[in-house]
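Enquirer: Pasting a structure here, questions to come.
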Amino acid sequence: MAKIFADYVERAKRILDDNWTGSSTKPSPSLYPHQWNWDSGFIAIGRSHYDTARAIQEIETLFAAQWSNGMLPQIVFNPTELGHYFPEPDFWQTERSPHTPSGKLTSGITMPPIHAIAVEKIYQNARQPRRVRPFVERIYPKLLALHAYLYRERDPNQEGLIYIRHPWESGIDNSPTWDVPLKRIAIDKTSLPEYTRRDLGHGIDPRMRPSDDDYDRYVYLVDLCRQCDYDEFRIREACPFLIQDPLFNSILCRANESLVRLAETIGESPETPRSWAKNTADAISKKLWHEEHGMFDAYDLVSEQLIEVDTAAGFMPLYAGAATRDQAERLYNQLNSLSFCALHQGNCFTIPNYDTQKEDFERSNYWRGPIWININWMLAQGLRRYGYTPKADSLQKDLLQLPIRFCFYEYFDSFDGSGYGSDNFSWTAALFIDLVQEFYESERSVARVASRIKDFFAKDTILNDGSEMPDIDPNKLAGELMHNIRILRDRFYNTSRGLVDYEQLKDSSEFKHYRILANGLREFRPSCLMGRKEKLAFWTNLYNTIVVDGIVTLGVKESVKEVPGFFRRIKYAIGSHSFSADDIEHGILRGNVRPWFSPFRSFGARDPRRGMILTPVDPRIHFALVCGSRSCAPIDYYDAEHVYEQLEAAAKGFINSSEVLVLPEEGKMLVSEIFRWYERDFGGKSGFIDFIFDYLADENARRFIQENYASLHIEYLHYDWNLNR
Ligand code: 9WN
């Protein structure tokens, strides 16, 4: 793990320790002194990586205050901390309900049910999952009761969609989405209960918090619930705020998936959560989709229409897998735009909670503009779920650098990253720990798989064995082969996401034809390639396709690391010689320099293949050569005529992706291992710094490099060898 990450993980753990109360974790040192519902879920996820006992206690303390009808309260009050927050138990008066747990002080509303997801994480991340099983057995019925409560009491039409009845239940309290329904509530100050806000102060600018008008309505709705003695039927009849929110429902839907797996783990029937998950996913996709906006919106059950306000909550069906392919594609277009900070835009962090192009966007006001770590943490997983890998990587990059550069704040400015709200905020710390772990996870699993099947494929494999030769003039082979590689690109590569559909490609007629043409390479003379551009494009395309061929033919499942010496072993016979992927890369395209992992050059002193070496080396090839893994460049087809422009675009894309992190506050730059491995191709360290500088879009980052050029500290990021599928 890069040292900087290790240091900050330690800091994050300290924050969680300082906010630990003895049985749970408060969200922040002073602003939120009690236990909050969904905060505890995120906090347990962070702790699950290093302190299973406290992660379990966090969840058990919360569920000890579950109401007898299954509702899990938004706040469990700490009796020793009363008097510092509003509203507290005296205002909620939850004793009016027959369902409140005895001996516990709680609020009378709930929050997004993230907890099954947290429990699954605790189980998965435990060193000895077997020892966590009794906890899973204890908590499972309570999780089930929570979901059952939501479907029984909050889904009056049995649609699979849950309503919230207070903005605090959404977790995104003053989201612009609630403006319309809240405006319906006419406040009569004479009948509104008296109250004093306690959230102002704490060193926070009041403009970063909800307005007094908002608070009047929050109070109105609490008062309404308590007047109805927390009876859901009566509340539903009277409440002007009944909303089916895509964020709440997506979390519920995703949590049902975790419930299914937890049920299977402990031998319970997964049928109920499975059908909940399906119904909710279908309902989100049908009822909450706004066709013209290409976005999911909240549905107002009182006015019986969609609220046409697009916020980050509308992307959350990606997390639940509830969006159809077409919907996902349209969501992606929204997400990857000026509105929500596009890839390589350079002057923003991803993704703000509200559309930056709207007039009422406010960059520092709570849920009306800033970036929130928990929302983006879910969204990054949603993007990965649908294969939007570069965008997910870009979110991950921002989620890692925001706390490092601007401290562990509650929320962040989406343009300059300034931290807002409370510092030392627990879920920012907890999810940072989870993100760092995820970032380094692949390394461990790849190493495990590699060691298991180490000796399995021990021999070189000539992939074009000549079993079926093409009926083609050898002089036309190069053109035909390139044409076919282009077809493979069009059909099976997703160039914007850098992915290959290996499953579809494997048995396709296009790939069969490619392999026949590749057999023709046995009679091909590379000397007939004319000019530097044609050679560059030919060898780059051939390298990328021999890797795909090797992955398919050797049956690689998760990573090329499963096959020791993969790049040395996969070979094509070309004319009277054979060329491994390494020979193409280090021998031909890198001017036959000695690779960093070998004491020898690819082509020895008398090797006739030396005649094919391409010099001078163009370092941009490192952003075009695709090693079949997540950290390498996105795959594409290079055509001789435009190869320089394409290499230019590839370099630009890579430098502005998550593979280059500039951290001015730390005086550091974190870069892909590619720059270490191929340092000499860029002209040494100063050469690659210059190279990065020339392609970087972010002005702050450029300025930082310029000002600190001589003393710039560089660390290298972990290389993700998971398959680019
Ligand atoms: C009201 C604790 C909570 C979060 C919410 C966030 C904020 C409370 C408040 O803080 O809400 O629940 O007083 O503003 O909006 O998401 O759970 O961190």
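The values are calculated or read from the model by the stated rules, or taken from the named source; none is laboratory data. It should be emphasised that the depicted structure is a prediction, and the values quoted were computed from it without experimental measurement. In this analysis, Cβ positions are derived from the backbone assuming ideal geometry, glycine residues included, and neighbour counts consider all displayed protein chains. Please note that ligands, DNA and RNA were not included when accessible areas were found on the heavy atoms of the full protein model with its side chains. Shrake-Rupley method; radii C 1.70, N 1.55, O 1.52, S 1.80 Å.
Enquirer: Restricting attention to the stretch 343-413, which GluC sites (Glu not before Pro) occupy a DSSP loop and are surrounded by at most 12 other Cβ atoms within 10 Å? It would help to have the intermediate numbers written out before the result.
Expert: Working: sites: Glu359, Glu362, Glu410; in loops: Glu359, Glu362, Glu410.
Sites meeting the loop and neighbour criteria: Glu359.
Enquirer: For q values of 0.26 Å⁻¹, compute log₁₀ I(q)/I(0) with the Debye formula on a Cα-only model of the stretch 44-94, without solvent.
Expert: -1.00
Enquirer: For Arg54, what is the net charge nearby, where nearby means another residue's Cβ is under 12 Å from its Cβ and Lys, Arg count +1, Asp, Glu -1? Mind dumping the intermediate values first?
Expert: Values: positive: Lys13, Arg47; negative: Asp17, Asp51, Glu58, Glu60.
With Lys, Arg at +1 and Asp, Glu at -1, the neighbours total -2.
Enquirer: How high is the relative contact order of the chain, in percent, counting Cα pairs under 8 Å that sit 6 or more residues apart?
Expert: On the way: 1272 pairs, mean separation 81.3, N = 725.
It comes to 11 percent, rounded to a whole number.
Enquirer: While we're on this one: Semi-axes, largest first, in whole Å: what does sqrt of 5 times each Cα gyration tensor eigenvalue give for the stretch 98-257? Mind showing how you got there, number by number?
Expert: Details: eigenvalues 202, 77, 52 Å².
Its equivalent ellipsoid spans semi-axes of 32, 20, 16 Å.
Enquirer: Which loop-located GluC sites (Glu not before Pro) does the stretch 194-274 contain, where loop means any DSSP state but H, G, I, E or B and the Cβ has at most 16 other Cβ atoms within 10 Å?
Expert: Working: sites: Glu194, Glu232, Glu237, Glu257, Glu264, Glu268, Glu271; in loops: Glu194, Glu268.
Passing sites in the stretch 194-274 are Glu194.
Enquirer: Would you calculate, for the chain, the mean residue ellipticity at 222 nm contributed by helices, counting each DSSP H stretch of 4 or more residues as -39,500 (n - 2.57) and dividing by all residues, to the nearest 500?
Expert: -14000 deg cm²/dmol
Enquirer: Same structure again: How much accessible surface does Glu699 have with a 1.4 Å probe, in Å² rounded to 10?
Expert: Around 110 Å² of this residue is reachable by solvent.
Enquirer: Tell me the net charge near Arg154. Cut-off is 12 Å between Cβ atoms, Arg154 excluded, with +1 for each Lys or Arg and -1 for each Asp or Glu.
Expert: Working: positive: Arg152, Arg165, Arg236; negative: Glu153, Asp155, Glu159, Glu169, Glu232, Asp245.
The answer is -3.
Enquirer: Whole Å is fine, so just give me how far the alpha carbon centre of the stretch 648-699 lies from that of the stretch 175-212.
Expert: Centre-to-centre (Cα) distance: 46 Å.
Enquirer: How much length is gained if the chain between Glu95 and Glu292 is pulled fully straight, taking 0.36 nm per residue apart and subtracting their Cα-Cα distance, in nm to one decimal? Don't skip to the answer; put the middle values down first.
Expert: Working: separation 197, 0.36 × 197 = 70.92 nm, distance 4.60 nm.
Fully extending the segment from Glu95 to Glu292 adds 66.3 nm.
Enquirer: Something else about it: Consider all pairwise Cα distances in the chain and report the whole-number % of them above 50 Å. Don't skip to the answer; put the middle values down first.
Expert: Details: 55973 of 262450 pairs.
Result: 21 percent of Cα pairs exceed 50 Å.
Enquirer: Given a 1.4 Å probe and heavy atoms of the protein chains only, how would you sort Ser576, Ser711, Ser250, largest accessible area at the top? Numbers along the way, then the final one.
Expert: Working: Ser576 110, Ser711 85, Ser250 0 Å².
Sorted descending by solvent-accessible area, the residues read Ser576, Ser711, Ser250.
Enquirer: Sticking with this structure for a sec: Once neighbouring chains are kept in place and the probe is 1.4 Å, which whole percent of the accessible area of the chain is contributed by carbon and sulfur? Walk me through the numbers on the way to the answer.
Expert: Working: 13090 of 28050 Å².
Carbon plus sulfur share of accessible area: 47 percent.
Enquirer: Okay, moving on. For Lys535, go through the aspartates and glutamates and keep the ones whose alpha-carbon is under 13 Å away, minus same-chain ones fewer than eight residues off.
Expert: Hits, sequence-local ones excluded: Glu585, Asp618, Asp639, Glu641.
Enquirer: Also, quick follow-up: Compute the angle between helix 212-227 and the longest alpha-carbon principal axis of the chain, please, reported from 0 to 90 degrees and rounded to the nearest 10.
Expert: Rounded to the nearest ten degrees, it is 60.
Enquirer: Another question, then. Determine the per residue accessible area of the chain with all protein chains present and a 1.4 angstrom probe, expressed in square angstrom. Could the numbers behind the result be given before it?
Expert: Working: 28050 Å² over 725 residues.
Heavy-atom accessible area per residue stands at 39 Å².
Enquirer: In addition: Dividing the alpha-carbon Rg of the stretch 581-710 by 2.2 N^0.38 Å yields what?
Expert: Details: Rg = 15.9 Å, N = 130, 2.2 N^0.38 = 14.0 Å.
Taking the Cα Rg and dividing by 2.2 N^0.38 Å, one obtains 1.14.
Enquirer: Mean 1/r over all different Cα pairs, inverted: what Kirkwood radius does the stretch 241-303 give, in Å?
Expert: Working: mean 1/r = 0.0787 Å⁻¹.
Evaluated on the stretch 241-303, it is 12.7 Å.
Enquirer: Past the 25 Å Cα-Cα mark, which pairs from Lys183/Lys391; Lys397/Lys533; Lys476/Lys571? Walk me through the intermediate numbers first.
Expert: Values: Lys183/Lys391 36 Å; Lys397/Lys533 34 Å; Lys476/Lys571 22 Å.
Beyond 25 Å between Cα atoms: Lys183/Lys391; Lys397/Lys533.
Enquirer: Something else: What pairs in Lys286/Lys358; Lys278/Lys512; Lys121/Lys557 have C-alpha atoms more than 31 Å from each other?
Expert: Lys278/Lys512
Enquirer: Summing +1 for each Lys or Arg and -1 for each Asp or Glu, what net charge is found among the other residues whose Cβ lies under 15 Å from the Cβ of Leu536? Mind showing how you got there, number by number?
Expert: Numbers: positive: Arg532, Lys533, Lys535, Arg590, Arg620; negative: Glu534, Glu585, Asp618, Asp636, Asp639, Glu641, Glu645, Glu648, Asp681.
That sum, taken over residues with Cβ under 15 Å, equals -4.
Enquirer: Taking chymotrypsin sites (Phe, Trp or Tyr not before Pro) that fall in a DSSP loop and have at most 12 other Cβ atoms within 10 Å as cut points, what is the longest piece of the chain between them? Don't skip to the end; give the middle numbers.
Expert: Values: sites that count: Phe456, Trp596, Phe597, Phe600.
It works out to 1-455.
Enquirer: Right, next: Do any trypsin sites (Lys or Arg not before Pro) in the stretch 125-188 lie in a loop, going by DSSP, with at most 16 other beta-carbon atoms within 10 Å of their beta carbon, and if so which?
Expert: On the way: sites: Arg127, Arg130, Arg131, Arg138, Lys142, Arg152, Arg154, Arg165, Lys183, Arg184; in loops: Arg127, Arg154, Arg165, Arg184.
Loop-located and lightly packed - Arg127, Arg184.
Enquirer: Would you mind checking the tilt of helix 115-125 against the longest principal axis of the Cα atoms of the chain, expressed as 0 to 90 degrees and rounded to 10?
Expert: 40 degrees
Enquirer: Still on this model: Sort out for me the Cα centre separation of the stretch 224-268 from the stretch 282-299, rounded to whole Å.
Expert: Distance between centres, Cα-based: 19 Å.
Enquirer: Compute the long axis of helix 477-492 from its Cα atoms, compare it with the longest principal axis of the Cα atoms of the chain, and write down the angle in degrees, 0 to 90, nearest 10.
Expert: The answer is roughly 10 degrees.
Enquirer: Among the aspartates and glutamates, which fall within straight-line cross-link reach of Lys189, defined as a Cα-Cα distance under 17 Å, with same-chain neighbours fewer than 8 residues apart omitted?
Expert: Leaving aside aspartates and glutamates fewer than 8 places away in the same chain, those within reach of Lys189 are Asp212, Asp213, Asp214, Asp216, Asp223.
Enquirer: A further question follows. Unpartnered cysteines of the chain (Cβ-Cβ under 4.7 Å counts as a partner)?
Expert: Lone cysteines by the Cβ rule: Cys225, Cys228, Cys239, Cys253, Cys407, Cys528.
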